[in-house]
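The values are calculated or read from the model by the stated rules, or taken from the named source; none is laboratory data. Only a predicted model underlies this, so the values are computations on that prediction, with no experimental measurement involved. Quick reminder, even Gly has a Cβ in these numbers, built from the backbone with ideal geometry, and neighbours come from all protein chains shown. In case anyone asks, the SASA skips ligands and DNA or RNA and just uses the protein heavy atoms, side chains included. Shrake-Rupley method; radii C 1.70, N 1.55, O 1.52, S 1.80 Å.
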Amino acid sequence: MNIFRLFNKQRSAPLARERLQVLLAHERASSGSDLVAVLREEILAVIAKHVELDSDRVQVKMDRDENVSILEIDVEIPLNASRQAA
Amino acid sequence: MGKVIVVTSGKGGVGKTTSTAALGAALAQRNEKVVVVDFDVGLRNLDLVMGAERRVVYDLINVIQGDAKLTQALIRDKRLENLFLLPASQTRDKDNLTPEGVEWVINELKRYFDWVICDSPAGIERGATLAMRHADIAVVVTNPEVSSVRDSDRIIGLLDSKTMKAERGERMEKHLLLTRYDGARAQRGDMLKVDDVLEILSIPLLGIIPESTDVLRASNLGAPVTLADARCAPSLAYFEAARRLAGEDIPVSIPEEKRSILGKIFARRAA
């Protein structure tokens, strides 16, 4: 019975690891730090001066590593807005 | 000037108080002057784990409010003469902890002790943020379990933003202390492995404390585990962690199997 279960039951640790990685990537980006929120607002303001954009389509993400942090800024510019800018 | 360590985790029940007592006693056994400070105002327990609950007269709040001198509130350990405890108040609430008061107490303690170890309350409220505020080094206590890892991640974020070090633009030294680790379950794939937790939290490893009945036994007796039984597996791991805190560069022992509870630790290079 024991051996049978050993082969059939899916190991749970890899799932825990995956869930945490997804969750924490999201949490670090949103509520994680004030810095990200401030950066998001200011970057948004600068870009909005030149192109029309949807504030929901701007993503600012901070990935923390032992030695470096990566700031990822993802701005989606609608097609008509970019034409206006050009 | 002594070094200030905060033992923190976010989540409750992961082993902050146990680890504070064990690391404090381990450092004191290296002939260094150590004080362990309980920041859990209203729910103090470090006194109980240290076996000094009947000797508490004055506490941290009394000192902050000027009702007692710092030297009156410090309790010397009966077993180790260079180990002291500064208890938290059981009757007051955490609002009595003022930032100025805490700063003064920590600065005074730093003058007389080599190590000031602050036992943080669970959560991210006032008590927890004040416990970490003046720290030079943070020990993040984590269980290999999803909710504990998530809360540790949150605490790491606070350590990097809300502490004096962070505000001065300096880098807060953070270490992971993985507690209640069961090598056999991790091996079977039913518990997060050391490398999983390290990869997710990306802070250096201070030590791995194996799940063990010796820890409960020690708290029943009112002694830090490193004093109750210096040769059991968790104690050996705490002694190792203490050596690493003191600056020694030694490999981390990973408890691989259930046998490790009997003290058979297989030393292996970690991270």
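Straight distance only, please: which lysines reach the Cα of A:LYS49 with their own Cα at less than 27 Å, same-chain residues fewer than 8 apart left out?
A:LYS61
Computed on alpha carbon atoms, what radius of gyration and Dmax characterise the protein assembly as shown, expressed in Å?
22.8, 78
Please work out how much accessible surface B:ILE5 shows to a 1.4 Å probe, ignoring ligands, DNA and RNA, in Å² rounded to 10.
0
I'd like to check one number: the per residue accessible area of chain B, probe 1.4 Å, reported in Å² as a whole number.
42
Going down the table (B:LYS3/B:LYS94; B:LYS33/B:LYS162; B:LYS3/B:LYS165; B:LYS16/B:LYS69; B:LYS11/B:LYS174; B:LYS3/B:LYS174), which pairs top 21 Å between alpha carbons?
Distance filter (> 21 Å) returns B:LYS3/B:LYS94; B:LYS33/B:LYS162; B:LYS16/B:LYS69.
In nm, give the distance between the simple-model label positions of A:SER12 and B:ARG188, each being 7 Å from the Cα along the Cα-to-Cβ direction.
About 1.0 nm separates the two model spin labels.
Read phi for every residue in region B:26-36 and hand back ³J(HN,Hα) as whole Hz from Karplus 6.51 cos²θ - 1.76 cosθ + 1.60, θ = phi - 60°, with x for Gly and Pro.
Going residue by residue, I get 5, 5, 5, 6, 8, 6, 9, 7, 10, 10, 9 Hz, with x marking Gly and Pro.
Between A:GLN59 and A:ALA25, what is the label-point separation in nm under the 7 Å Cα-to-beta-carbon projection?
0.8
Can you tell me which of B:ASP153, B:ASP59, B:ASP67 moves the most in a GNM of chain B? Springs connect C-alpha atoms under 10 Å apart.
Residue with maximal mean-square fluctuation among B:ASP153, B:ASP59, B:ASP67: B:ASP67.
Give me the net charge of B:THR179's neighbourhood, meaning all other residues with Cβ under 12 Å from the Cβ of B:THR179; Lys, Arg count +1, Asp, Glu -1.
0
Of the accessible area of chain B, with the probe set at 1.4 angstrom, what percent is carbon plus sulfur?
Ligands and nucleic acids excluded, carbon and sulfur give 46 percent.
Identify the GluC sites (Glu not before Pro) of region B:1-85 meeting these criteria: DSSP loop state and at most 16 other C-beta atoms within 10 Å of the C-beta.
Of the GluC sites (Glu not before Pro), the ones in loops of region B:1-85 whose Cβ has at most 16 other Cβ atoms within 10 Å are B:GLU81.
How far apart, in nanometres, would the label points at B:ASP67 and B:SER202 be if each is projected 7 angstrom from Cα along the Cα-to-Cβ direction?
Distance between the two pseudo-spin positions: 4.7 nm.
Over both sides of the B-A contact, add up the buried accessible area with a 1.4 Å probe and give it to the nearest 100 Å².
Heavy-atom accessible area buried at this interface is about 1800 Å².
Loop-only trypsin sites (Lys or Arg not before Pro) in region B:1-54, please: DSSP not H, G, I, E or B, and at most 10 other Cβ atoms within 10 Å. Mind dumping the intermediate values first?
Values: sites: B:LYS3, B:LYS11, B:LYS16, B:ARG30, B:LYS33, B:ARG44, B:ARG54; in loops: B:LYS11, B:ARG30, B:LYS33, B:ARG44.
Answer by residue number: there is no such site.
Need the full-extension length gain, B:ASP95 to B:ASP195, defined as separation in residues times 0.36 nm minus the C-alpha distance. One decimal, nm.
Fully extending the segment from B:ASP95 to B:ASP195 adds 32.1 nm.
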